[in-house]
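All remarks here apply to the structure that follows.
No value in this document is a laboratory result; all are computed from the given coordinates. Because the structure is predicted, anything quoted here is derived from the model rather than measured. So basically every Cβ, Gly included, is an ideal-geometry build from the backbone, and we count neighbours across all protein chains shown.
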Amino acid sequence: MGTISSWNKDRKEGFGKGRIGIRIAAGGIVVLLFVCLFIFVILPRFKEEPDDAPETSASDVAGNATSEEDGSDAEDPTSATASEPSSDRSEPSAETPAESASSTENESFGETASADETEAPTEPEEEYITILAVGDNLYHRSLSQSGIKEDGTYDYTPVYSTMREIISEADIAVINQETPMAGDAYGIQTYPKFNVPQQISEAMVWAGFDVVSFATNHMLDMGRQGLIDTAQYWKDKHPDVLVTGIALSQEERDTVPYVECKGKKIAFLNYTYGVNSGNLGRQPYLLNFLDEATVRADIARAKETCDYVIVLPHWGVEGRMEPTQDQYNMALILADAGADVVIGTHPHVVQKVQWVTGASGHRTLVFYSLGNFISLQDTAAKMLGGIAKLRLRIDPETGELTLDDYRMDYIVTHFTYDPGIELFSGMTAVPWDRYSRDRAAKHGLISWGKKFSYDMLAAYIKNNGPVTKEEIERIP
């Protein structure tokens, strides 16, 4: 066997190595082709149509169509570089599609967020004004003396403490002050001509009263000067409380007395049928009297400047459970003149509530009498008082005030009496729904030898008739 020369050996080994190189090169080319295919063909398709890409909403389509039609280059308001000009989207680069999709999603989200942030128009929030009124604040001598402490100071808050929470809840609370508060110079006076300590006013304000009516038959008990001293005291000591029915000048008399609450003005006009004694002389402005010409003129003036008019007449006959014909007649006049609500005092007993319609067609709600808020009178009927409660609705569009709800609740004047030393104590007003038979059995009138019982009060309430909106408006 011949030998293989070294040249042949090298050639054969080189040829074998060459074949291996060719194979490697061919494999590399295949790999390279596959990579190119993946980069330039397959990958762009994944970028353009990813499997998990969100569906394009109708708003996106509409937004893109609008952009193409007007040729505008919209800026992405959510982009950190929104203030810089954006690239021309008509000639996107190879990587633009992903950026464009992101931009479209951001724009669509921006529109949705804007729609969410812009709340749909809502109904204006309902707003109301609540008004509470009670009857006669009538202090006999024992009541006046009850607030004088051993050290000579005064404290009448116990008289109002039971009612304070109810009174202070109202936006406006009204009370009728039956007698003058002329000051210490006149001393404490009782029936038939009264003067009570001015310090009672501190407890009245503490309880939450905002309006005090003074036009009563007792207001000249201490003469004209007693009335003037009363009015001056309240003006100086309690300037934030509306005093109505009395005045210190003609200018003050001609100014409409009102309380402004929640942007609305509510007038409170107060009059008395007459006085027990005395006269006004050359100062007719001191006290308001209940006559047709006066009330018509005052109501007309009030309606020019105020949103609601409440009239507080001191009228009727003491102790009479039914309104008199004069009360009915005056109620019709007040309704015809445009009064919205009438709240009466003076009879010292509670009378009914009803709507009346004036000749003009105007309807007015009338509380004929609220009876006593506090007193030491000597009959069971005069221990029962009323609380007029009104809720006025402010129309959210027009601002007009309308009577949305109303009712009359009852209260009881309660006290104890020791006949051995003729001492009254514990005088206070108690809501009827908190009054009990046990408490009624201990009432001072019984110890005083007068007739009084829980059942008597319940009978008065029943006989007085409907006192809620639902009940009254069912009456033909």
I need the peptides 464-476, 157-169 ranked by packing, meaning the mean over residues of other C-beta atoms within 10 angstrom, with the highest value on top.
157-169, 464-476
Give the percent of DSSP beta bridges with both residues in region 127-472 that are antiparallel, rounded to the nearest 5.
60
Positive-end residue, region 127-472 charge dipole about Cα centroid, Cβ charges, pick of TYR156, ALA429, THR324
THR324
For region 140-222, just say rounded, prolate or oblate: build the C-alpha gyration tensor, square-root its eigenvalues into a ≥ b ≥ c, call rounded for a/c under 1.5, and beyond that prolate if a/b exceeds b/c, oblate if not.
oblate
In Hz, Karplus ³J(HN,Hα) per residue of region 243-257 (6.51, -1.76, 1.60; θ = phi - 60°; x = Gly, Pro):
9, 10, x, 10, 8, 9, 7, 5, 4, 5, 4, 7, 7, 5, x
Taking the Cα centre of region 127-472 as origin, work out the dipole magnitude from +1 charges on Lys and Arg Cβ and -1 charges on Asp and Glu Cβ, in debye rounded to 20.
740
Shape call for region 179-315, from the Cα gyration tensor axes a ≥ b ≥ c (a/c under 1.5 means rounded, otherwise prolate when a/b beats b/c, else oblate), comes out oblate
Cα gyration tensor, region 127-472 - rounded (a/c under 1.5), prolate or oblate:
oblate
Counting Lys and Arg as +1 and Asp and Glu as -1 over every other residue whose Cβ sits under 13 Å from the Cβ of GLY226, the net charge comes to -1
Computed on Cα atoms, the radius of gyration and Dmax of region 411-476 in angstrom are 15.1, 54
Sorting check: for 381-388, 146-153, which peptide has the highest mean count of neighbouring beta carbons within 10 Å, and how do the rest follow?
381-388, 146-153
Nearest-0.05 FRET efficiency for TRP206 and TRP432, computed from C-beta distance (R0 22 Å):
0.45
Estimated FRET transfer efficiency when R0 is 22 angstrom, pair ALA441-GLU165 (beta carbons, to 0.05)
0.30
What are the ³J(HN,Hα) couplings of region 422-439, residue after residue, when phi is run through the Karplus curve with 6.51, -1.76, 1.60 and θ = phi - 60°? Round to Hz, x for glycine and proline.
6, 10, 8, 8, x, 5, 6, 9, 10, x, 4, 6, 10, 8, 10, 5, 4, 5
Extension gain from HIS238 to GLU252, taking 0.36 nm per residue of separation minus the Cα-Cα distance
3.4 nm
